[in-house]
1. How far apart, in nm, are the 7 Å Cα→Cβ label points at S149 and R181?
2. Please state the shape class of region 166-215: rounded when a/c is under 1.5, otherwise prolate if a/b exceeds b/c and oblate if not, all from the C-alpha gyration tensor.
3. Could you work out which residue, out of T76, T175, T123, moves most in a Gaussian network model of the chain, that is, has the largest mean-square fluctuation with Cα springs under 10 Å?
4. Suppose every Lys and Arg Cβ carries +1 and every Asp and Glu Cβ carries -1, with no other charges. What dipole size does region 1-154 come out with about its Cα centre, to the nearest 20 debye?
5. So if I place +1 on the C-beta of Lys and Arg and -1 on the C-beta of Asp and Glu, and nothing else carries charge, what would the dipole magnitude of the chain be about its Cα centre? I want it in debye, nearest 20.
6. Got a sec? Charge dipole of the chain, +1 on Cβ for Lys and Arg, -1 for Asp and Glu; which of H252, Q133, N184 is way out at the positive end?
7. Of K81/K264; K173/K261; K158/K245; K18/K224; K38/K73, which pairs sit farther than 32 Å apart, going by alpha carbon to alpha carbon?
8. So how far apart, in nm, are the two label points at L272 and C202 if each is 7 Å from Cα heading toward Cβ?
Amino acid sequence: MKIKVRSIEYYYEVHQQKKELPYLVLLHGFLGSSGSFKKIIPFLTPFCNPITIDLLGHGKTEGSEMHYRFATKEQTADIIKLISEQFRCPLFLHGYSMGGRLALQIAIHRPDLIQGLILESTTFGIENEQERQARQALDEQRADSLIGSYDQFIDDWKQLPIFNSAQIGEDDKLTIEKIQRSQNPLWMSNSLLGFGTGSMPCLKEKLNLLNMPVQLLVGAKDQKFTNIMKAMHSRINSSTIEIFKNSNHRVHQDQSEHFIKTIKEFIQTNTLP
């Protein structure tokens, strides 16, 4: 379904609507789309109503020629408006990587909308100013190379160590790559510039404000994000953390059965009567 949200045409799918089940919104990562979750949707429907959203400039959702439209506050406002006006709240919210950064922003700004928060392989931002500036420079470099040769950018992107996984089959790898190569290069460039990790506000000092149940998911082979999410766990009193022994960055694809089992337990434990 497509709907105008703050002058942008967003695409989302409600995969099931059973009144007795809670809703779960899933937010994908950079270069992804609703299709990133296609394989696991049938395994979620027995215990929740899954909703997938194509984030700004991704998949079937419009982007913008102006990178500031991709800024944290803009995208946060978009998804808050979409969720609050179109879906039954409070609901469960899941975010993977870039989608996790956005989900965290939403939970901080509108906790009343969230019954439970699920964060997968994500970060609260960069606290150190020098590290932040270095990451901004890297995002700008990547944005330039992306525009210069999109196919080469995708070839380089899929070789990043965090995406190295023996758990994902060849068919799934092809699906991921097809989604990535179908994106609009200008919008992907603007996504990096407007909502890259170096550009988002650091939420480290606000993590203790989260009161809803929080489930953290990360792969043990993804050492950088394991460290980040352990730090997040130490600051969120209501959080639990699951470290997937044989997984890298894409937990929901590396170990989908374990991922679904963990999500199911979290939702069923924290569903309001």
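1. 1.5 nm
2. oblate
3. Of T76, T175, T123, the most mobile in the Gaussian network model is T175.
4. 580 debye
5. Once rounded to the nearest 20, the dipole reads 620 debye.
6. About the Cα centre, the residue reaching furthest to the positive side is H252.
7. Over 32 Å apart, Cα to Cα: K18/K224.
8. 3.4 nm
Quick note: the coordinates plus some simple rules give every number you see, no bench work behind them. The shown structure was predicted, so the numbers you read here are calculated from the model rather than taken from an experiment. Positions of Cβ are backbone-derived with ideal geometry, glycine not excepted, and every protein chain shown enters the neighbour counts.
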